[in-house]
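See below for the structure under consideration.
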Amino acid sequence: MSSPQTIPEPPEFLGSSVRYSQSQLNLASQGGSLSSSAPISSSPSQGRMYGAEERLEPILIESSDQKSKGDFLLPAHYESCVKSILISHGQIIDRIQKLAYDIRKHYRGTTIHLLCVLKGGSAFFQDLQVCLRNFHNFTNQDYVPFTFDFIRAKSYDGTSSTGKVVVSGCDMEKLRGKDVLLVEDIVDTGTTMSMLVPLLVSHAPASVKVASLLEKRTPRSCGFKADFVGFSVPDEFVIGYCLDYNDAFRDMNHICVINDEGIEKFKDGVKQRIE
Ligand code: HPA
Ligand code: MG
C-alpha cells in the first residue's frame, strides 16, 4: 500500500466540464489549489478535461418508481430497515450490460485500466468486469482488454470550499500512460471525484474517465459529471449492492431507500452479534 496523499480544494464545475493546464495540475499534486478562476488551457493536448462533455444520459429513476418491500425478496436482517426498493438487482445487472457495451464502443480495442473505488464500487466493478470478459469470448474485434487495481478515496469536510480527499491503496506511478477508468458506486455531491480525478491526472495517465453506477440529483452537487452512468436517482440516502450506511447493507442485492429504523439501528455501525 502506498502512503495516503491529500490535495485540497476541488475545482468548481461550471457546466459539465473544466480544463486545466499541466502546470495547474502539477500545483494541485504538490498541495496547491485548483480553481476555476485560474487560466484554462485551450488545447486538449496540453490540458485535461474533467467531467463528461458529452455522454449517454443515465436512466432516470423518480421517487415514484419506489417499489414496496413485499414485491421483492430482502435479507431478513435488513427488512425492517428498508423503506422501499428503488432499483432491483435484475435492473442493475441489465443496465451494467449496456454500460459495458458503451464502454467497449468508446475504447474500441484499447486496453483500459479499471480502478475500482473501494468499498462501494466493488459490486459494480465485479459485475462490470464479468460483462467485459464476456466480450472477449464472443467477439474478436473492438473488445476491451483490461487490467485493474483498487483505490480508497475518502473525502473529509465534504463542502466544496474546505474538502480534502485522502487516497490510499494504489501506486499512482503505475498509472502513467494508461487509459484509466474509475469505477464508482455513486456520484452524490461529486466532491470526491472532483478532487480524485485531478490527482490521478497529475500522474500522467493517457486518460481518466469515470463510470458510476448511480448519480444523485441533489442541490448539493458541485456539478461533476461522470462519463458512464447507470441511473440518475432522487435525493434519498440509498443502500444495497455495496452502498452502505456505516458498513451495513452492502450485502443486499437491490438498491433501496433506508428508513428511520435503519438509521437508528446502524448509527454506530454493524454489531457482530444480534442482541
Ligand atoms: N448511499 C450510500 N453511500 C453514499 C450515498 C448514498 O446515498 N451518497 C454518498 N455516499
Ligand atoms: Mg463511492
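The values are calculated or read from the model by the stated rules, or taken from the named source; none is laboratory data. All figures in this text were calculated on a predicted structure; none of them were measured in a lab. So basically every Cβ, Gly included, is an ideal-geometry build from the backbone, and we count neighbours across all protein chains shown. In case anyone asks, the SASA skips ligands and DNA or RNA and just uses the protein heavy atoms, side chains included. Shrake-Rupley method; radii C 1.70, N 1.55, O 1.52, S 1.80 Å.
Laid out as a table, the results:
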{"quantity": "Counted residues, segment 103-144 - those being aliphatic (A, V, I, L, M), in contact (Cβ under 8 Å) with a residue 60 or more places away in the chain and over 18 Å from Lys209 (Cα atoms)", "calculated": "1"}
{"quantity": "Cβ-Cβ under 6 Å pairs, at least 6 apart or on other chains, segment 145-157 side within 25 Å of Tyr107 (Cβ to Cβ), far side open to solvent by less than 40 Å² (accessible area, probe 1.4 Å) and within 11 Å of ligand 2 (Cβ to nearest atom)", "calculated": "Phe150/Cys116; Ile151/Val117; Ala153/Val117; Ala153/Thr192; Ala153/Leu196"}
{"quantity": "Candidates Met195, Met172, filtered to the one that is farther than 30 Å from His89 by Cβ, at pLDDT below 95 and either within 14 Å of ligand 1 (Cβ to nearest atom) or surrounded by 19 or more Cβ atoms within 10 Å (Cβ to Cβ) (or both)", "calculated": "Met195"}
{"quantity": "Residue list for segment 236-257, restricted to those being among the aliphatic types (A, V, I, L, M) and not in a strand (DSSP E or B)", "calculated": "Met252"}
{"quantity": "Some residue of segment 219-235 being within 30 Å of Ile85 (Cβ to Cβ), out of contact with any Phe, Trp or Tyr (no Cβ under 7 Å at 6 or more places or on another chain), among the polar types (S, T, N, Q) and part of a loop (DSSP other than H, G, I, E, B)", "calculated": "yes"}
{"quantity": "Residues (among the β-branched types (Val, Ile, Thr), crowded, with 16+ Cβ neighbours inside 10 Å and touching a Lys or Arg at 6+ places or on another chain (Cβ under 7 Å)) located in segment 56-87", "calculated": "Val82, Ile85"}
{"quantity": "Scope segment 207-221; condition surrounded by fewer than 21 Cβ atoms within 10 Å (Cβ to Cβ) and within 16 Å of ligand 1 (Cβ to nearest atom); matching residues", "calculated": "Lys216, Arg217, Thr218, Pro219, Arg220, Ser221"}
{"quantity": "Counted residues, segment 175-191 - those being open to solvent by 10 Å² or more (accessible area, probe 1.4 Å) and within 16 Å of ligand 2 (Cβ to nearest atom)", "calculated": "5"}
{"quantity": "Residue list for segment 97-130, filter: more than 16 Å from ligand 2 (Cβ to nearest atom), crowded, with 16+ Cβ neighbours inside 10 Å and over 16 Å from Gly230 (Cα atoms)", "calculated": "Tyr107, Ile112, His113"}
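Every residue, every condition in (1) within 12 Å of ligand 1 (Cβ to nearest atom); (2) in contact with a strand residue (DSSP E or B) (Cβ under 8 Å, 6 or more places away or on another chain); (3) open to solvent by less than 50 Å² (accessible area, probe 1.4 Å), yes or no:
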residue	(1), (2), (3)
Lys225	no, yes, no
Ile239	yes, yes, yes
Asp244	yes, no, yes
Asp247	yes, no, no
Cys256	yes, yes, yes
Lys267	no, no, no
